[in-house]
Amino acid sequence: MRRIDQNEPGSSSGGGLYPRPLLATAATPEPAGAAASPSRTFPDIVIRRMAHLRGPNVWTYRPVIEAVVDIGELEDFPSNTLPGFYQRLTGWLPGLIEHRCSVGRRGGFLMRLRDGTWPGHILEHVALELQTQAGMKTGFGKARMTHERGVYKVVIRTRDEAVGRAALESARDLVMAAINDTPYDIGATIAKLTDMVDRRCLGPSTACIVDAATERGIPHIRLNDGNLVQLGQGAAQRRIWTAETDRTSAIAEGISRDKDLTKQLLAAAGVPVPEGRTVESAEAAWDAAEDIGLPVVVKPSDGNHARGVSLNLKTREEVMQAFVAAEAEGSEVIVESFIPGQEHRLLVVGGKVAAATRGEIIRVGGDGKSTIAQLIETQVNTDPRRGEEETLPLETLRVDDPVLLLLLQRQSLTPQSVLPRGQSAVVQRTGNMAIDVTGQVHPDIAEQMALAARVVGLDIAGIDLVVEDIAKPLAPQGGAIVEVNAGPGLLMHLKPAVGRAQPVGEAIVEHLFPGHESGRVPIVGLIGDGQSALAPRLIAALLQLNGQQTALACRDGLFLGARQLQKTDARGMDAGERMLINRTVEAAVLETSARHILTEGLPYDRCQVGVVMAMPGASGLDDLYITDNDQLPNIVRTQVDVVLPQGAAVLNADDAEVLELANYSDGQVILYSLDADSPSVAAHRARKGRAVLARGNDIVLATGGDETVLLSLSAPDFSSLASDLPADVRPHVLAAVAAAWALGVPTSLIRGGLLRFDAAPAASAVH
């Protein structure tokens, strides 16, 4: 049974994902005691520490911030005993009404708040709501008591570590202000967090691709603070940077930036393009316009969002003014023939049109009192699609924009002109891609767009097309392609003003991972016996022998094939991700421990095989509020939770607590045991299960009632394993055999690999 993320804001708090409490705690008491004095001031809640759990952990599959929070005296004062607290908190954050909490319905958290709950729980919900208000909606949170009175573990899902930490700290300050009835600037807090989200989180184009990959079960790793993201793992990975991929040719991108060269290549291939040329001065622009024939378009060679573009220019003065406006936006200026029709943006992905939008002309309507500048602010810039944020498809219209000024001048207007009631003025002609027309694209136009992308060499292209009717063939209309762009923005297709949003992220993911490609390499995750790294080293050796370049991160160090890259303990997140980023890695064996699960999470989202050799004890985990051995199964369970449905959990049947974890595997279960006649193994085999057994000195592979002897541990060639290793190597060998068997390694290779295994680590190391 898997741990499941819940999608509703704050939905999981107070719920139970686990069969028993994660932490050794007392039952949550019922609200009791007298109400706090209205004049009483409580000391601040103390956040003792925060940890970013980047991978699957004891709470959920996804990254979270875990905070250890000391509420102090407030342990004796649940929310229903704090005068005015409810009103102040909900006044600042009315969105808390959407939080379902353990009640399971809208308003559930507010019910808990009225009935009485504790600040740790409240902190969780407030932090989640602050993230939501900042534009980073997440829905998973937990608050659990520890064995120390008044100390809680508060967990929130976050998409960025810094944002999550800031949200928790701000939540603490807000909750204390609501408790002590002191002023709090909620607007400033949300503005600060919003700025952090805008600066630090993935942009909308990249995010939609990542979300589509996640929906397909394809893992991802963010490679920098920007929009460079790896989809998949090791040798199976692809990389994206916004809407560019590692299949996007640098040459093709260079061609697309050279508008003249692009048009030459398109024209040579028979694709219609407007006549035009690059100019270096206003005079040269007018000369070009005369040569080409009026009307013309003047635009920057490398502008975007239609900035600096002037259309349908008919006079010397208009052309020369348009040159100045275009020059301010780009390195070069292009003059080309004006193509009558409507502007469209078509997204081509992998040789197919994935989406299309049509532009709209923006007008303001006069009221007889307001200037055009005022009308722009009230009628245009109030459009919720407009703004400076990256998440908005349209930019704020500036009244000092040279293109706007020229457009008004051509209508004998200025920004200070007052339009009579009933009269309108055009304030923007280009860049307003707002109407989805994907379903209207004529097959001939789709074919021409795909050809244009191929001619330039782009796997993903945003093509600007001017045509009267996109539902009709191109040539008879006299339409033309005016630009081919690399790395096109996707937001216009995700948030059209009219029509249906298009699944452009899914189209790009399908292009990168066609069919049923998962982007995954085989990963064996392992929790050892706490004594030796023999089992993971054996597994890695067997996979390497099977022809797969294998990465190994274990307590003995970090290995890639036969090379040892690091001699120190490499069981952490950083070493694991380092290997999964490596394009040469075709398989990985990654050892972990209870401490690493608690402090970092696993370095992968799912694994093909999850091996648990022994249930560790609580010794040495006191600093993490783990004090009882009974807490360990819920931690170690994480290794089994992440097994893929088509994978297998390899479990030590001789450890009763490990054996119980079989219930949590989404894949099959393979048991191993030193006791070939173990009742638990017999029951498993009766259900047609697989097992690896020690029968005397023989290693036996069992499937249901069938048995095959793999080899004898007493073979002379196997004696090298006895040197400098645990006295009994059999559990390690059985675990390794089971993992290799689960991955489909031929039994002949398993046998040969065991007989030739060198127990000594590689001699050379790279630090």
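Every read-out reported here was derived from the displayed coordinates using simple, explicitly stated rules and does not represent laboratory data. All values derive from a computational prediction rather than experimental measurement. Glycine gets a Cβ as well: all are built from the backbone with ideal geometry, and neighbour counts include every protein chain shown.
Taking every pair of distinct Cα atoms and averaging 1/r, then inverting, what Kirkwood hydrodynamic radius in Å comes out for the range 133-223? Radius from the Kirkwood sum: 15.4 Å. Pairs of Lys residues in the chain are counted when their Cα atoms are under 22 angstrom apart and they lie 8 or more places apart or on different chains; the count is 10.
For the chain, adding -39500 (n - 2.57) for each run of n ≥ 4 DSSP H residues and dividing by the number of residues yields -9000 deg cm²/dmol at 222 nm. Taking label positions 7 Å along the Cα-Cβ direction at both E517 and Q423, the computed distance is 6.0 nm, reported to one decimal.
Using the Cβ-Cβ distance between M50 and A188 with R0 set to 25 Å, the FRET efficiency works out to roughly 0.70. Sorted into 5 angstrom bins from 0, the C-alpha pair distances of the range 321-462 split as 2, 9, 14, 16, 18, 16, 12, 7, 4, 2, 0 percent. Helix 747-756 versus the longest principal axis of the chain: what angle, 0 to 90°, nearest 10, using Cα atoms? Helix 747-756 and the main axis of the chain meet at about 70 degrees.
In this calculation the C-beta distance from D400 to A501 is compared with R0 = 35 Å, giving a FRET efficiency of 0.60. Remark on T117: its backbone amide H falls under 5 Å from those of S79, N80, a criterion applied only to residues 5 or more positions apart or on other chains, H modelled at 1.01 Å from N. Computed from label points 7 Å out along Cα-Cβ, the spacing between L755 and K352 is 5.1 nm. A simple count of charges around R555, restricted to other residues whose Cβ falls under 9 Å of its Cβ and scoring Lys, Arg +1 and Asp, Glu -1, yields -2. Principal semi-axes of the equivalent ellipsoid, √(5λ) from the alpha carbon gyration tensor of the range 478-583, are 45, 15, 14 Å from largest down.
Where does helix 119-133 land angle-wise versus the long Cα axis of the chain, in degrees 0 to 90, nearest 10? Tilt relative to the chain: about 30 degrees.
Between N224 and S331, the simple label model (points 7 Å from Cα in the Cβ direction) yields a spacing of 1.8 nm. Fraction of C-alpha pairs exceeding 16 angstrom in the range 116-166: 38 percent, rounded to a whole number. Its Cα gyration tensor gives the range 523-756 an equivalent ellipsoid; the semi-axes, largest first and in whole Å, are 25, 22, 17. Note that the range 178-195 has calculated 3J(HN,Hα) couplings of 5, 5, 8, 6, 10, x, 8, 8, 5, x, 5, 5, 5, 4, 4, 5, 4, 4 Hz, one per residue in order, obtained from phi through the Karplus relation 6.51 cos²θ - 1.76 cosθ + 1.60 (θ = phi - 60°); glycine and proline are x. One decimal place: the segment D198-R363 gains 56.4 nm when fully extended, by the rule 0.36 nm per residue minus the C-alpha distance. Here the contact order of the chain, divided by its residue count and restricted to Cα pairs under 8 Å and six or more residues apart, works out to 11 percent. Annotation: amide H-H contacts under 5 Å for N582 (H modelled 1.01 Å from N, sequence separation of 5 or more, or interchain): G234.
Just to confirm a number: summing +1 for Lys and Arg and -1 for Asp and Glu over residues other than A541 whose beta-carbon lies under 9 angstrom from that of A541, what do you get? That works out to +1.
Residues with amide H under 5 Å of C607's amide H, sequence separation 5 or more or different chain, H placed in the peptide plane at 1.01 Å from N; which? Hits under the 5 Å cutoff: V643, L644.
Residues in the range 439-455 carry Karplus couplings, in order, of x, 9, 5, 5, x, 5, 5, 4, 5, 5, 5, 4, 4, 4, 5, 5, 4 Hz; the curve used is 6.51 cos²θ - 1.76 cosθ + 1.60 with θ = phi - 60°, and Gly or Pro positions show x.
Please report the antiparallel percentage of the DSSP beta bridges confined to the chain, to the nearest 5. In the chain, DSSP labels about 75 percent of beta bridges as antiparallel. Against the empirical 2.2 N^0.38 Å (N residues), the range 286-383 has a Cα radius of gyration ratio of 1.32. The share of C-alpha pairs in the range 624-692 whose separation exceeds 13 Å stands at 64 percent. Tell me, what ³J(HN,Hα) does each residue in the range 404-414 have, in order and in whole Hz, if you take phi through Karplus 6.51 cos²θ - 1.76 cosθ + 1.60 with θ = phi - 60° and put x for Gly and Pro? With the stated coefficients, the range 404-414 comes to 5, 4, 5, 4, 5, 4, 5, 9, 6, 10, 9 Hz. The coefficient of translational diffusion for the chain, derived via Stokes-Einstein from the alpha carbon Kirkwood radius under 20 °C and 1.002 mPa s, stands at 71 µm²/s. To the nearest ten degrees, helix 204-215 and the longest principal axis of the Cα atoms of the chain are 40 degrees apart. Using R0 = 35 Å, the C-beta based FRET efficiency linking R695 and E657 works out to 0.90.
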